[in-house]
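Visitor: First, the structure itself, so that you have it in front of you.
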Amino acid sequence: MNLTTRIIILAGAVGLMFYSASTEQLTEVINQYQLGWYRVGVPMAWGVILGGLCALLRLQIVARWLGPLTYVSAGLTTMGLTGAVAVFAKHQQLVYCMPPLQLATLGIGLYLVGYSYARLAAAGDSEQEKQ
């Protein structure tokens, strides 16, 4: 069993902890972090922006961290999506899914940092080869 499979299985099991959260706990988290549907999607936008900025500035440290970044993003995304499904299965209201969905979008945002960095860095390298 490879490392990615182990991380996803462990993160899925941890994501099921959201099933035991009461509506009061979920409401408190939503109010405390001022979560809304707009805020849930913000990490994905920042992922694209930061990845593009790192590629534009040619930061080589990001290239060295692409592997671990992918593992962390897979774990966060799995934990968040599993938690969102568990919360929806228990409470049957989509609004209570915001805290675990925030975790999932953090994972997707981290993945988009690496993806946009790799795409733009490759485009920059091919542009330099033409000149």
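The values are calculated or read from the model by the stated rules, or taken from the named source; none is laboratory data. It should be emphasised that the depicted structure is a prediction, and the values quoted were computed from it without experimental measurement. Methodologically, a virtual Cβ is constructed for each residue, glycine included, from the backbone with ideal geometry; neighbour enumeration extends over all protein chains shown.
Visitor: Being surrounded by fewer than 18 Cβ atoms within 10 Å (Cβ to Cβ) and either among the small types (Gly, Ala, Ser) or at pLDDT 90 or above (or both): is that true of residue 95 here?
Guide: yes
Visitor: Restricting to the stretch 1-13, count the residues that are part of a helix (DSSP H, G or I) and either surrounded by fewer than 14 Cβ atoms within 10 Å (Cβ to Cβ) or in contact with a Cys (Cβ under 6 Å, 6 or more places away or on another chain) (or both). Working first, answer last.
Guide: The initial filter retains those residues of the stretch 1-13 that are part of a helix (DSSP H, G or I), namely 3-13.
Imposing the further condition that a residue be either surrounded by fewer than 14 Cβ atoms within 10 Å (Cβ to Cβ) or in contact with a Cys (Cβ under 6 Å, 6 or more places away or on another chain) (or both) reduces the set to 3-6, 9-10, 13.
Counting residues in the stretch 1-13 that are part of a helix (DSSP H, G or I) and either surrounded by fewer than 14 Cβ atoms within 10 Å (Cβ to Cβ) or in contact with a Cys (Cβ under 6 Å, 6 or more places away or on another chain) (or both) gives 7.
Visitor: Exactly one condition in (1) polar (S, T, N, Q); (2) within 21 Å of the chain's Cα centre (by Cα); (3) within 18 Å of residue 22 (Cβ to Cβ) is not met by residue 105; state its number.
Guide: (3)
Visitor: Go through the residues of the stretch 71-94 one by one and say whether even a single one is more than 18 Å from the chain's Cα centre (by Cα) and assigned to a loop (DSSP other than H, G, I, E, B).
Guide: Scanning the stretch 71-94, I find at least one residue that is more than 18 Å from the chain's Cα centre (by Cα) and assigned to a loop (DSSP other than H, G, I, E, B), so the answer is yes.
Visitor: Can I ask one more? Mind checking which pairs have a first residue in the stretch 48-69 that is at positive phi and a second that is assigned to a helix (DSSP H, G or I), Cβ under 8 Å, 6 or more apart or different chains?
Guide: What qualifies is 58/121; 58/124.
Visitor: Another question, if that's okay. Name the pairs whose Cβ atoms lie under 9 Å apart, with the first residue in the stretch 2-30 and closer than 19 Å to residue 73 by Cα and aliphatic (A, V, I, L, M), the second surrounded by fewer than 13 Cβ atoms within 10 Å (Cβ to Cβ) and at pLDDT below 85, and 6 or more positions between them or separate chains?
Guide: Listed by first residue and then by second, the contacts come to 9/1.
Visitor: Here's a follow-up. Determine which single condition residue 35 fails, assuming it passes every other condition in (1) in a helix (DSSP H, G or I); (2) touching a residue at least 24 places away in the same chain (Cβ under 8 Å).
Guide: It fails just one condition, (1).
Visitor: Modelled with pLDDT under 90, assigned to a helix (DSSP H, G or I) and surrounded by 13 or more Cβ atoms within 10 Å (Cβ to Cβ): does that describe residue 29?
Guide: So residue 29 fails the test.
Visitor: Within the stretch 34-56, identify whether any single residue is farther than 22 Å from residue 119 by Cα, in contact with a Ser or Thr (Cβ under 6 Å, 6 or more places away or on another chain), surrounded by 13 or more Cβ atoms within 10 Å (Cβ to Cβ) and of a type outside the set (Phe, Trp, Tyr), and answer yes or no.
Guide: Let us first name the residues in the stretch 34-56 that are farther than 22 Å from residue 119 by Cα, namely 34-40.
Still in the list and also in contact with a Ser or Thr (Cβ under 6 Å, 6 or more places away or on another chain): 40.
Now restrict to residues that are surrounded by 13 or more Cβ atoms within 10 Å (Cβ to Cβ): 40.
Now narrow it down to the ones that are of a type outside the set (Phe, Trp, Tyr): 40.
Yes, there is a match, as at least one residue in the stretch 34-56 is farther than 22 Å from residue 119 by Cα, in contact with a Ser or Thr (Cβ under 6 Å, 6 or more places away or on another chain), surrounded by 13 or more Cβ atoms within 10 Å (Cβ to Cβ) and of a type outside the set (Phe, Trp, Tyr).
Visitor: Looking at (1) more than 18 Å from the chain's Cα centre (by Cα); (2) modelled with pLDDT of 90 or more; (3) in a helix (DSSP H, G or I), can you tell me which one residue 124 breaks?
Guide: (2)
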